[in-house]
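Report on the following structure.
Derivation of every value follows stated rules applied to the coordinates shown; laboratory data play no part. Keep in mind that what you see is a predicted model, and the values were worked out from it rather than measured. Cβ: placed from backbone, ideal geometry, glycine included. Neighbour counts: every protein chain shown.
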Amino acid sequence: MARILAEASRLGFFLKHQDSFRQEIGLRMATSLRTLGGQFLWQTASFTFRDCPREVLKDLPPPLKAIDQPRSLQFNADTMTDAAELARPFFTLVPSVCGLTKLITKPSSPAAQQAATVTALTLTWEKPMVRHSRPTLTVDMQFALSTEHGEIHPPKDADRRELALDPATEATWRRMILSDIKAHAEKGRALAAGYWRQMGNHKMAAQVDSGGDARGAPRPGKRKAEKAPAVPRRKLLWTKATLFEVEAITEERVEAGVRQLKVRWSGYHPSWEKFRLPGDGEAGDAVSTWEPAMAERATTMALSVAYHLLITNALRRGDGVASIPTERRAERLFGDGPGRSKLVRRGIKLEHLGEEYSPEKDSVIAAMVRIVVARVRPAGDPEA
């Protein structure tokens, strides 16, 4: 096998196992099995896989083959029994599906209260005549929704009406769905109480109703592999930063577009010798290093906000060298007024000249009395 892979790689090919294609198709089919909601109302699904080789469909049941041509191949299953045969090579590689059924668990519920089951399936492989075109596999399927209470909702037609079922078809659906539910129970899946009653396990149903564990005991020999113990995360040890005093900044340069300062450090320690610049003094002399100039402007978020507020307040007061223009803080539409969208008040209205009115001495009741009197008094009769 290693020689085959090496030879294929040498010729520019990469080999992929058939089960890898089938698992990807099965996972996509399982993802399409979902409850009603939003635009998903018809309980149908259709999607396309590109670069899918024809050999992926070579082991499917021959009686279900509807079209067999060099550039076209189609398998069609119109009944749930035929769909089980057609989908088996794909769903056996998907852990979340048993038979044709996938459990649906709401986020608010600890156990599955619904299930989606494939009722019809069509697989169509095509290789277009166009040059350099890629082969595609189109999957079309319908599925039914069933509940823990035994209700079955068939797929919908174009008018959102459920398709009619004859008694024989409904009996077949119920038998196959219950068989798939039992397979889920044997795998230890969490099921609602109604499903346990359908399977005749009233003890588990009572346990689930009382708030107990909704998972059945897994079948012997099918236990899940125990997870390896979690590796404890290593604690991060934070050490206090060491501060060094700067004696002087002696030079400045720009290297690779970065402004740097030559810093001479105060004091001396023998361990600093490895940082000494070539030709810069002798052992025992002060050590100098080149540091990025941004370090001199280092700050914190709190200091930046404080500086911004102080500068803004100083500009708004306008008592310094610079100030925020009036139109930036008070005016929006007109030239010299303080309002945003109205002119400056020029004084008392002409009709109120001579009146002495103090808002502090007025009241709501007095204002309402004046309004009522003004409404009932005849026009032009000040004494009425």
Note: Val258 to Lys274 extended length (0.36 nm per residue) minus current alpha-carbon separation gives 3.4 nm
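Ser266: net charge of surrounding residues, Cβ under 10 Å, Lys/Arg +1, Asp/Glu -1, itself excluded? Kindly include the intermediate steps, with their values, before the conclusion.
On the way: positive: Arg264; negative: Glu245, Glu247.
Net charge in that neighbourhood comes out at -1.
After finding the eigenvalues of the alpha carbon gyration tensor for region 82-168, what semi-axes result from the square roots of 5 times each, listed largest first in whole Å? Don't skip to the answer; put the middle values down first.
On the way: eigenvalues 178, 66, 34 Å².
Equivalent-ellipsoid dimensions as semi-axes: 30, 18, 13 Å.
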Using a Förster distance of 22 Å, how high is the FRET efficiency between Arg3 and Lys127, based on the Cβ-Cβ distance and rounded to 0.05? 0.15
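Can you give me the relative contact order of region 16-209 as a percent, contacts being Cα pairs under 8 Å and 6 or more apart? Each step should come with its number before you reach the end.
Working: 317 pairs, mean separation 42.3, N = 194.
Averaging sequence separation for qualifying contacts and normalising by length gives 22 percent for region 16-209.
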Within region 16-209: Cβ-based charge dipole about Cα centre, in debye rounded to nearest 20 (Lys, Arg +1; Asp, Glu -1): 560
For Ala374 paired with Arg174, estimate the spin-label separation in nm (one decimal), with each label point 7 Å from Cα along the Cα-to-Cβ line. 8.1
Reported to two decimal places, what Rg/Rh ratio describes region 246-294 when computed on Cα atoms with Rh from the Kirkwood expression? 0.99
Neighbour-count ranking [beta-carbon atoms within 10 angstrom, fewest first] of Val246, Val118, Val287: Val246, Val287, Val118
Dividing the mean separation of Cα pairs under 8 Å (6+ apart) by the residue count of region 92-187 yields a relative contact order in percent of 22
Enumerate by residue number the trypsin sites (Lys or Arg not before Pro) in region 45-142 meeting two conditions: DSSP loop (anything except H, G, I, E, B), and at most 14 other Cβ atoms within 10 Å of the site's Cβ. Lys58, Arg71, Arg131
Which order results if Asp157, Asp82 are arranged by neighbouring Cβ count within 10 Å, fewest first? Asp157, Asp82
Could I get the Rg over Rh figure for region 16-209? Both from C-alpha atoms, Rh via Kirkwood, rounded to two places. 1.01
Within 10 Å of each residue's Cβ, count the other Cβ atoms and sort Leu123, Leu11, Leu191 from fewest upward. Leu11, Leu123, Leu191
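For the pairs Lys16/Lys106; Lys65/Lys127; Lys156/Lys203; Lys16/Lys127; Lys102/Lys156; Lys106/Lys156, flag any whose C-alpha to C-alpha distance is greater than 26 Å.
Values: Lys16/Lys106 36 Å; Lys65/Lys127 17 Å; Lys156/Lys203 36 Å; Lys16/Lys127 19 Å; Lys102/Lys156 19 Å; Lys106/Lys156 22 Å.
Too far apart for the 26 Å limit: Lys16/Lys106; Lys156/Lys203.
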